[in-house]
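The values are calculated or read from the model by the stated rules, or taken from the named source; none is laboratory data. Computed from a predicted structure; not experimentally measured. Ideal geometry is used to build each Cβ from the backbone, glycine not excepted, and the neighbour counts take in all protein chains shown.
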Amino acid sequence: MEALLESGRAVLKHREFAEAARVIFDQCKALIGATAGYVALLSPEGTENEVLFLDSGGLSCSVDPLLPMPIRGLRAEVYHTGQAAYENDFDSSGWASLLPEGHVTLDNVLFAPLTIDGAVVGLLGIANKPGGFTRNDARLGTAFGELAAVALSNSRTLDALQSSEHRFHSLVETASDAIVCADSSGEILFWNRSAEAMFGYPTAEAIGQPVTLIMPERFHDRHRRGMTRFLATGKPRIMGRTIEMFAQRSDGSEFPVELSLTAWKTKQETFFAGIIRDVSERKQAEENLRSSEAWFRSIFNESPIGIEVYDAKGRLLDANQACLDIFGVSSVHDVRGFKLFDDPNLSTEAKAALRQGERVSYETPFDFEKVGAANLYPSSRSGVIYLYIVLTPLGLKGKGGVRGYLVQLMDVTHERAIQEELERTRSEFLGEVSHELKTPLTAIKGSTSMALTSKTPPSPSEARELFEVIDEQAERMRELIGNLLDMTRIEAGSLSVNPQPERLSQIIEEAVATFERTAGDRPVNVAIPPSLPPITADRRRIGQVVSNLLSNAAKASPPGASIAISAELHDSDVIVQVRDQGRGIAIDKIPLLFKKFAQVHESGGRGTGLGLAICKGIVEAHGGRIWAESPGGGEGATVSFTLPVASESRE
């Protein structure tokens with residue numbers, strides 16, 4: 001009995017099976033009276049014995065310990081039956097021949113099985129008992145084998161537990177999420193490395209602290225009420241779910257987390273475990289994404305260019321307000337699902353190119369009558385407009401194919417009308433220039449032909465008259481070409497002016513004198529205050545402006561009507577005004593007056609429409625401005641412009 005008790009104590013005392021098995025083997029060998037033996041375990045493959053330790057009983061044994069010990073002979077019988085077996089005349093048995101050379105001499109042997117869950121997993125073998133083994137010895141061997149099996153099972157269980165604990169510890173310590181365990185009182189029992197990094201508390205400092213340590217103050221009461229309710233009722237509200245909340249670091253800063261909470265019970269207590277993930281970066285990314293989406297949605301909605309988005313099958317997903325306005329549609333819901341390839345205004349070539357993943361751009365008329373006839377969508381518009389369209393397949397060829405289509409549209413009807421008007425104006429301008437050049441050339445040609453083809457030489461008075469015609473018409477051509485060059489310089493920003501302090505009265509006097517030589521029937525009334533300070537001006541260019549305004553006033557006035565020129569000081573500028581008594585300018589034509597090629601009167605003298613545009617360029621080159629006023633038809637017009645006062649006068 002003492003031997004069995006000692007063996008039982010060994011099972012409880014020794015964690016390692018080899019240590020417990022040695023004690024059990026020694027007690028068994030001594031109690032039964034054997035002198036040698038071993039304990040062996042079945043190999044994982046189940047084909048061999050793997051000796052844990054060997055006691056030769058002081059006899060010589062030269063067998064290589066690495067030599068395999070196959071399952072055969074009496075050992076195989078025990079493995080197969082699960083019962084103890086012995087042989088007292090071993091040398092005469094057939095099993096003796098199975099022993100390897102150098103094996104210990106065996107007089108008798110006894111094998112007892114180590115059985116776990118009904119399977120033999122090893123043997124306890126003893127040998128060389130004086131007088132031989134008995135059935136009682138077999139029963140005792142079986143009892144010690146069972147103790148050894150218990151020791152082996154315990155050792156394996158403890159190994160498995162330790163391995164599991166190591167795996168768990170490795171898992172939780174290397175987890176990127178914080179893992180915190182607490183008891184039913186809320187005291188922290190476990191705190192992994194990620195929790196240290198996340199919250200800023202070392203493990204030694206966190207263990208034993210209330211779990212509210214990592215909660216913002218506003219959540220403490222709610223947490224305590226939840227714990228009390230769960231412990232009292234066992235009904236969880238957040239157990240087994242992942243929730244979002246805020247946690248608190250050691251420095252008091254808060255951050256968003258995801259919390260997965262679970263609980264388990266023992267006979268004595270309830271425990272809780274929380275897996276906590278810092279979602280600050282994800283929340284920031286989500287906020288950035290929302291901001292980006294809002295930004296792009298704003299761009300999409302507020303873009304002056306019409307935008308449509310279609311899926312891979314060409315079905316409309318979305319359209320911005322500019323697009324709805326172009327097509328006269330009140331809501332995107334009225335057109336959602338519209339199929340791009342059903343559009344009768346989309347050419348066959350464009351459809352084929354899109355399906356091949358090619359970008360298409362073109363200008364085309366868009367006929368709303370076709371849309372109505374095909375009953376594609378409700379539209380408040382009618383007639384034909386002109387659209388510039390860019391259709392872009394979304395997705396790369398060879399990488400998943402076309403995933404959708406982006407369509408950008410611009411209503412260019414107005415621009416097209418402007419372009420057509422510009423072309424018409426340009427044609428008219430070319431006609432005017434041709435006429436203006438042809439007229440003096442005709443006069444010059446006529447004068448020279450008359451002088452050259454006359455049978456008698458012209459008299460001095462006739463020759464002078466011919467030369468005056470040639471000179472006058474050449475000057476007219478020079479002026480026209482000069483205007484064309486000035487307009488070109490103004491548009492290129494290269495008009496050259498050389499402002500100097502000048503007396504405005506002198507410039508006006510020279511311009512009026514020149515004007516009166518060619519239009520003597522148009523009296524000019526000049527009102528320039530003697531006290532008017534000098535201006536900063538390019539004498540020739542400002543004289544050109546005044547001459548042009550006088551010429552225009554004369555063309556717009558009836559014969560004999562007077563023209564008035566006045567000037568006055570206004571702050572640091574001088575305002576010059578040229579007023580006529582002519583037919584006036586319609587209010588809607590005044591904005592066009594200073595544009596090139598502009599013709600504000602439907603009838604009257606011909607001209608290139610460059611004069612006032614050149615005046616505007618010259619005045620603005622001086623830092624001034626020019627404008628026109630007219631009460632209306634038949635009430636005359638006034639053109640005013642400003643020039644800066646010379647700096648010496650300001651001082």
Single match in G226, G240 (criterion: more than 18 Å from P256 (Cα to Cα), out of contact with any strand residue (DSSP E or B) (no Cβ under 8 Å at 6 or more places or on another chain) and either assigned to a helix (DSSP H, G or I) or not polar (S, T, N, Q) (or both)): G226
Within the range 173-199, can you find the residues that are surrounded by fewer than 21 Cβ atoms within 10 Å (Cβ to Cβ), aliphatic (A, V, I, L, M) and outside any strand (DSSP E or B)? A175, A197
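Scanning the range 141-157 for residues that are touching a residue at least 40 places away in the same chain (Cβ under 8 Å) and closer than 14 Å to Q83 by Cβ, which turns out surrounded by the most Cβ atoms within 10 Å (Cβ to Cβ)? Outline the logic, then answer.
Filtering the range 141-157 down to residues touching a residue at least 40 places away in the same chain (Cβ under 8 Å) leaves 141-145, 147-148, 150-152, 154-156.
Those left that are additionally closer than 14 Å to Q83 by Cβ: 141-143, 145.
On the way: G141: 27, T142: 18, A143: 18, G145: 25.
So the residue we want is G141.
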Among the residues that make up the range 529-545, is at least one of them among the hydrophobic types (A, V, I, L, M, F, W, C), modelled with pLDDT under 90 and over 60 Å from the mean Cα position of the chain (by Cα)? no
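Among the candidates S291, S260, S303, which residue alone is free of Cβ contacts under 8 Å to residues at least 40 places away in the same chain and loosely packed, with under 12 Cβ neighbours inside 10 Å? Step through it out loud before you land on a result.
On the way: S260 fails: loosely packed, with under 12 Cβ neighbours inside 10 Å; S303 fails: loosely packed, with under 12 Cβ neighbours inside 10 Å.
Selected residue: S291, the only one of S291, S260, S303 that is free of Cβ contacts under 8 Å to residues at least 40 places away in the same chain and loosely packed, with under 12 Cβ neighbours inside 10 Å.
Given the criterion modelled with pLDDT of 90 or more, polar (S, T, N, Q) and either over 30 Å from R229 (Cα atoms) or not assigned by TED's automatic domain parsing to the domain that holds L259 (or both), identify the matching residue among N136, N192.
Every option except N136 fails the conditions.
Give the range 232-247 a look and list any residue that's among the hydrophobic types (A, V, I, L, M, F, W, C) and modelled with pLDDT of 85 or more, or say none.
First pass over the range 232-247, keeping only residues among the hydrophobic types (A, V, I, L, M, F, W, C): 232, 238-239, 243, 245-247.
Passing the criteria: I243, M245, F246, A247.
Table: residues versus (1) part of a loop (DSSP other than H, G, I, E, B); (2) touching a His at 6+ places or on another chain (Cβ under 6 Å); (3) surrounded by fewer than 18 Cβ atoms within 10 Å (Cβ to Cβ).
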{"site": "A20", "(1), (2), (3)": "no, yes, no"}
{"site": "E50", "(1), (2), (3)": "no, no, yes"}
{"site": "L74", "(1), (2), (3)": "no, no, no"}
{"site": "E77", "(1), (2), (3)": "no, no, yes"}
{"site": "E101", "(1), (2), (3)": "yes, no, yes"}
Could you please give the count of residues in the range 258-279 that are farther than 16 Å from G240 by Cα and either outside any loop (DSSP other than H, G, I, E, B) or aromatic (F, W, Y) (or both)? 1
In the range 226-257, which residues are surrounded by 11 or more Cβ atoms within 10 Å (Cβ to Cβ) and among the aliphatic types (A, V, I, L, M)? M227, L231, I238, M239, I243, M245, A247, V257
Of the candidates A527, A564, the one satisfying the condition of being surrounded by 16 or more Cβ atoms within 10 Å (Cβ to Cβ) and of a type in the set (A, V, I, L, M, F, W, C) is A564
Name, by its number, the condition in (1) of a type in the set (S, T, N, Q); (2) farther than 24 Å from V574 by Cα; (3) not in a helix (DSSP H, G or I) that does not hold for S496. (2)
So T266 ticks every box in (1) surrounded by 11 or more Cβ atoms within 10 Å (Cβ to Cβ); (2) out of contact with any Pro (no Cβ under 7 Å at 6 or more places or on another chain) but one. Which box is left unticked? (1)
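One line per residue, one yes/no per condition, for (1) in contact (Cβ under 8 Å) with a residue 60 or more places away in the chain; (2) surrounded by 15 or more Cβ atoms within 10 Å (Cβ to Cβ):
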| residue | (1), (2) |
| --- | --- |
| A312 | yes, no |
| L317 | yes, no |
| Q321 | no, yes |
| L324 | no, yes |
| R355 | no, no |
| L391 | no, yes |
| R403 | yes, no |
Identity of the residue in the range 386-416, of a type in the set (A, V, I, L, M) and modelled with pLDDT under 85, that ends up farthest from the chain's Cα centre (by Cα): V402
